[in-house]
Amino acid sequence: EYSQEVNRRMAEPEHRGDITEVQALKMGGKLIVADYGAESCGDAVRLFWVVDPATDRILDCKFKSFGCGTAIASSDIMAELCIGKTVDEAIKITNIDVEYALRDNPDTPAVPPQKMHCSVMAYDVIKRAASIYKNVDESTLEDEVIVCECARVSLGTIEEVIRLN
Amino acid sequence: MQRIYMDNNATTIVDPEVFLAMEPFFVRMYGNPNSLHSFGSEVKPSMAMAMEQLYQGINASDDDDIVVNSCATEGNNTVIMGIYFHSILGGDKNHIITTQVEHPAVTETCRFLEKLGVEVTYLPVNEEGVIHSDDVKNAITDRTALVSVMWANNETGMIFPVKQIAYACKNRGVLFHTDAVQAIGKLPVNVQEVPVDYLTFSAHKFHGPKGVGGLFIREGAPMVPLLHGGEHMGGLRSGTINVAGLVGMGKAMELAVGNLDYELSEVLRLRNKLEDAIAAIPDVLVVGKRIHRTPNTTLASVRGVEGEALIWDLNRQGIAASTGSACASESLEANPVMAAIGADKDLAHTGVRFSLSRFTTEEEIDHVIEIFPRVVERLRDISSTYAA
Amino acid sequence: MQRIYMDNNATTIVDPEVFLAMEPFFVRMYGNPNSLHSFGSEVKPSMAMAMEQLYQGINASDDDDIVVNSCATEGNNTVIMGIYFHSILGGDKNHIITTQVEHPAVTETCRFLEKLGVEVTYLPVNEEGVIHSDDVKNAITDRTALVSVMWANNETGMIFPVKQIAYACKNRGVLFHTDAVQAIGKLPVNVQEVPVDYLTFSAHKFHGPKGVGGLFIREGAPMVPLLHGGEHMGGLRSGTINVAGLVGMGKAMELAVGNLDYELSEVLRLRNKLEDAIAAIPDVLVVGKRIHRTPNTTLASVRGVEGEALIWDLNRQGIAASTGSACASESLEANPVMAAIGADKDLAHTGVRFSLSRFTTEEEIDHVIEIFPRVVERLRDISSTYAA
Ligand SMILES: Cc1ncc(COP(=O)(O)O)c(C=O)c1O
Ligand SMILES: Cc1ncc(COP(=O)(O)O)c(C=O)c1O
Ligand code: FES
Ligand code: FES
């Protein structure tokens, strides 16, 4: 039911880890650390970005996760998708993109339906990182209705999933 | 890769002896026992033997009933819905007492009855995950129809004080049901010593087949069948009898009870060896005192590591464990027992359960002891919430 | 002594291919499909295939549900009790329509509901043992919640006009359930052509194992589960899934539907051959026109010969037949269908049913044709009510 890619990323998440202020400085960027979720809720993720203030480009990205295999694999691919993008481009990454990137072939979902929610957090934490970087309120970046707090599935996401399937 | 099965509270391997006992009843002796011809009558001795094995297994008396059904979920529903029809809709009672950590087959049936106006008390458990019999005593009112408390919990293995609860109910004239799914083959279950009115079990939890279970009904205890129809099981449970399933369950019961000494010594020793190793890892909490638990179960909370991720990693190493409840795997909620004992909210999603059986070997235990700490280390390294 | 099994409406031999399909799921692949590890996931493809075989077997659409349960008795109870909770207790309906010749799993559930104040119409049957769809139409009121009419009768094999009844119900916005236990593998069953809301079946009636059945629920039809608990079967039927049973039922469905042409030609031919020989005996009445019956069934009334005595004698000759209903064998009542068609009171206890299957051989038929008249002769010779 899970793609090989999910299994691979879970087994060996390339972008796991953290980035320190010193490392960010050495790369010539600004360190952004964003947290989403909580241990008591069942999933938590921490995102590290090094952003070049001149170009808004994400130079490096790492994550840490308290979550299931799907959450870890999703975070890993999400980190990969962030690297090289500008912050505004990164905001456009959705959990659908994340799930797509985890597929072995375009027609077979990477995870069973009840695990789709596990990829949503990867998308939420980007929004949070961007809002920290831009120093704006998150809600200005996201105007979708949250359907389910814990699973963090927004109506927009659901509609998108329905449309894409 | 060698695979190691340590999820015996979810389901068990069918004992090869049990399968051998069942096998003739598919292609060869396929008659309906209710039929008057030889195809019908030839299956009856084996069925009678199986019933005998069930009666002996829990020490039921000949005047009691054991109804063969499809699983403990059916048994639990039958008791609770039966009491609804008998004593609530058809009587003047309106109250059921249970606990917060029963199997969903009990709690969800109670929730359904709440919608129909029945009052249900869900007793909270202490930090070990059990209730005291006094909690039941104090909750009983004049309108209490039924108390339903499990013999042992599926997630923690914690043993409930069913004997004291049974006597407390008896003294107050309240009917008592116990879900003994996790007790059969792990603890002595004797309905002469513990005066329960109803007791339910499922064959696949003690090395019998899936899809068959039993419901003990003490002589005189009221029963409204859940499945109406032909006169099978003395009118208490209709539907063509699953002959192969019944024969398998009987054999499984005999073997489970016959191996009880082994379970209480060897399985216990292996479980303790594993548990010692798990508990030696920093920031790991084992739920409940050993002495209060079934001999095969350890539920541990590993701080900073999400339960499903742990199961996933163990599975990659060929080790089958669980987050605590097979049901939980389809839902997003926290493990209800972890939530109910509620010492620390952060631990609600960090449970991992190992449940052994008489088929578990020392070699397997040693292998898990070797692998488990490495898996924890890897996941804590990824974890956003754990700093060593 | 060669034994001949002609009681396939009571239960059937498990097809050896079905047993082969089931066998891996006892001792080898015993995981709980709800578990997250490989023991759980490895059983899923076979389960998915079995579900596919069930959907294809009755031509259900992907949006419909097929709930796997323990038998048709459970399915029938689930539908009727579900409607009670949904539309009667939880709505403003108060009426159920069924027939006088349903299986006890339907009629006894209805009788139970009558005690709870539900009005039930039991439509009488004509001399062939069926009802007309107009009878249903005329009985429907504004408060009718459910119509439950079997697809084919177990005792006579008579086929009911379910298509017309389904449309009559649809037109009046009434839910329709059919007990298709005796139709699967004997008639084309297509839920696209016959717009039933609910349909029930039992695997052991079509060469699958005992203790597993199915309940079709059309998309949008209301359903209150009978077994509450874990979230199995999408919340519609709790209890650990009987994996071996499901796999066996799927295979049995595939084979039953695959052999339908054979059933409708060869089994029909053999049944007719037997029936011709039986009908040639003086004072023997065969119930219902052949063309209105399932291809495998003959119910004959042998004047002057009590049914059980006939079965007994046949059994001594190695031939397994039945008095009409396996359930009846535990009760002393007259065969309900014989009573319902009620042409002649003297015939109520004289029924003998032969029900064939695709495993029935011509040689077996020839043997029965040889034996049966002798048995009748012997018993009539003893009979106090028959003078040749
Ligand atoms: C304590 C307890 N009760 C009831 C059940 C239900 O058993 P089954 O799924 O066989 O109906 C289980 C297992 O799932 C259990 O562990
Ligand atoms: C028409 C009909 N409905 C229902 C049933 C019940 O099937 P089961 O006993 O498998 O529940 C039977 C057979 O006994 C039957 O012939
Ligand atoms: S992230 Fe919570 S279950 Fe996957
Ligand atoms: S699942 Fe927890 S709030 Fe939605």
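The values are calculated or read from the model by the stated rules, or taken from the named source; none is laboratory data. The structure displayed is predicted, hence computed values, not measured ones. All Cβ positions, even for glycine, are placed from backbone atoms using ideal geometry, and neighbour counts span all protein chains on display. Just so you know, the surface numbers come from the protein's heavy atoms only, side chains and all, with ligands and any DNA or RNA stripped out. Shrake-Rupley method; radii C 1.70, N 1.55, O 1.52, S 1.80 Å.
Miscellaneous remarks
- Any hit, the stretch A:95-116, residues being closer than 26 Å to B:Asp381 by Cα, hydrophobic (A, V, I, L, M, F, W, C), within 14 Å of chain B (Cβ to nearest Cβ) and surrounded by fewer than 24 Cβ atoms within 10 Å (Cβ to Cβ): yes
- Of all residues in the stretch B:4-30 being touching a Ser or Thr at 6+ places or on another chain (Cβ under 7 Å) and of a type outside the set (Asp, Glu), the one that is most open to solvent (accessible area, probe 1.4 Å): B:Tyr30
- Residue match in the stretch B:138-153 (condition: in contact (Cβ under 8 Å) with a residue 12 or more places away in the chain, within 16 Å of ligand 2 (Cβ to nearest atom) and either of a type in the set (A, V, I, L, M, F, W, C) or within 20 Å of C:Leu89 (Cα to Cα) (or both)): no
- The stretch A:121-140 residues that are more than 14 Å from chain B (Cβ to nearest Cβ), paired with ones that are within 16 Å of ligand 4 (Cβ to nearest atom) and part of a helix (DSSP H, G or I) (beta carbon under 6 Å, 6 or more apart): A:Tyr123/A:Asn95
- Evaluation of C:Met49 against the conditions (1) in contact with a Pro (Cβ under 8 Å, 6 or more places away or on another chain); (2) in a helix (DSSP H, G or I) shows that the sole unmet condition is (1).
- In the stretch B:159-185, the residues that are away from ligand 1 (no atom under 11 Å from the Cβ) and in contact with a Phe, Trp or Tyr (Cβ under 8 Å, 6 or more places away or on another chain): B:Ile159, B:Val162, B:Ile165, B:Ala166, B:Cys169, B:Lys170, B:Leu175, B:Phe176, B:His177, B:Gly185
- Taking the stretch A:31-59 as the range and being assigned to a loop (DSSP other than H, G, I, E, B) and more than 8 Å from chain B (Cβ to nearest Cβ) as the test, the residues that pass are A:Pro53, A:Ala54, A:Thr55, A:Asp56.
- Selection count, the stretch C:1-33, where residues are at the interface with chain B (Cβ under 7 Å from one of its Cβ atoms), touching a Pro at 6+ places or on another chain (Cβ under 9 Å) and not aromatic (Phe, Trp, Tyr): 2
- Selected residue [within 11 Å of chain B (Cβ to nearest Cβ), away from ligand 2 (no atom under 16 Å from the Cβ), of a type in the set (Lys, Arg) and farther than 21 Å from B:Ile311 by Cα] from A:Lys26, A:Lys62: A:Lys62
- Residue match in the stretch B:44-65 (condition: out of contact with any Phe, Trp or Tyr (no Cβ under 6 Å at 6 or more places or on another chain), facing chain C (nearest Cβ under 8 Å) and either open to solvent by 40 Å² or more (accessible area, probe 1.4 Å) or not β-branched (Val, Ile, Thr) (or both)): no
- Residues in the stretch C:211-269 that are surrounded by fewer than 20 Cβ atoms within 10 Å (Cβ to Cβ), within 12 Å of chain B (Cβ to nearest Cβ) and at pLDDT 95 or above: C:Val224 alone.
- Residue selected from the stretch A:90-111 under the condition of a type outside the set (Gly, Ala, Ser) and in a helix (DSSP H, G or I), by the criterion nearest to A:Ser75 (Cα to Cα): A:Val98
- Within the stretch B:94-128, considering residues that are in a strand (DSSP E or B), away from ligand 1 (no atom under 16 Å from the Cβ) and not hydrophobic (A, V, I, L, M, F, W, C), the one least open to solvent (accessible area, probe 1.4 Å): B:His95
- Among the residues of the stretch B:108-129, those identified as among the charged types (D, E, K, R), modelled with pLDDT of 95 or more and farther than 21 Å from B:Ala72 by Cβ are B:Glu114, B:Lys115, B:Glu119.
- Counted residues, the stretch B:361-386 - those being open to solvent by 10 Å² or more (accessible area, probe 1.4 Å) and not in a helix (DSSP H, G or I): 4
- Residue list for the stretch C:270-296, filter: under 19 Å from C:Ala152 (Cα atoms) and β-branched (Val, Ile, Thr): C:Val286, C:Val287, C:Ile291, C:Thr294
- Among residues of the stretch B:270-307 being open to solvent by 30 Å² or more (accessible area, probe 1.4 Å) and under 22 Å from the mean Cα position of the chain (by Cα), the one that is farthest from the other protein chains (Cβ to nearest Cβ) is B:Ile291.
- Top-ranked residue of the stretch B:66-79 - restricted to ones that are away from ligand 2 (no atom under 16 Å from the Cβ) and assigned to a helix (DSSP H, G or I), ranked as surrounded by the fewest Cβ atoms within 10 Å (Cβ to Cβ): B:Asn77
- Qualifying residue in the stretch C:80-93 (condition: within 10 Å of chain B (Cβ to nearest Cβ) and open to solvent by 50 Å² or more (accessible area, probe 1.4 Å)): yes
- Filter result for the condition that a residue is within 16 Å of ligand 2 (Cβ to nearest atom), hydroxyl-bearing (Ser, Thr, Tyr) and at pLDDT 95 or above, over B:Tyr84, B:Tyr5, B:Tyr30: B:Tyr30
- The stretch A:68-94 - residue that is within 10 Å of the chain's Cα centre (by Cα) and open to solvent by 20 Å² or more (accessible area, probe 1.4 Å) and, of those, farthest from ligand 3 (Cβ to nearest atom): A:Ile91
- Yes/no for A:Ser65 being surrounded by fewer than 20 Cβ atoms within 10 Å (Cβ to Cβ), out of contact with any Cys (no Cβ under 7 Å at 6 or more places or on another chain) and among the hydroxyl-bearing types (Ser, Thr, Tyr): no
- For the stretch B:344-356, filtering for residues that are open to solvent by 10 Å² or more (accessible area, probe 1.4 Å) and either more than 13 Å from chain A (Cβ to nearest Cβ) or outside any loop (DSSP other than H, G, I, E, B) (or both) leaves 3.
- Selection of the stretch A:39-60 for residues being within 16 Å of ligand 3 (Cβ to nearest atom), open to solvent by less than 40 Å² (accessible area, probe 1.4 Å) and either without any contact (Cβ under 8 Å) to a residue 12 or more places away in the chain or among the hydrophobic types (A, V, I, L, M, F, W, C) (or both) yields A:Ala44, A:Val45, A:Leu47.
- Count of residues meeting criterion [within 16 Å of ligand 1 (Cβ to nearest atom) and among the polar types (S, T, N, Q)] in the stretch C:28-78: 6
- Hey, B:Asn190 without any contact (Cβ under 8 Å) to a residue 24 or more places away in the chain, more than 16 Å from ligand 4 (Cβ to nearest atom) and either of a type outside the set (D, E, K, R) or closer than 15 Å to B:Ala105 by Cα (or both) or not: no
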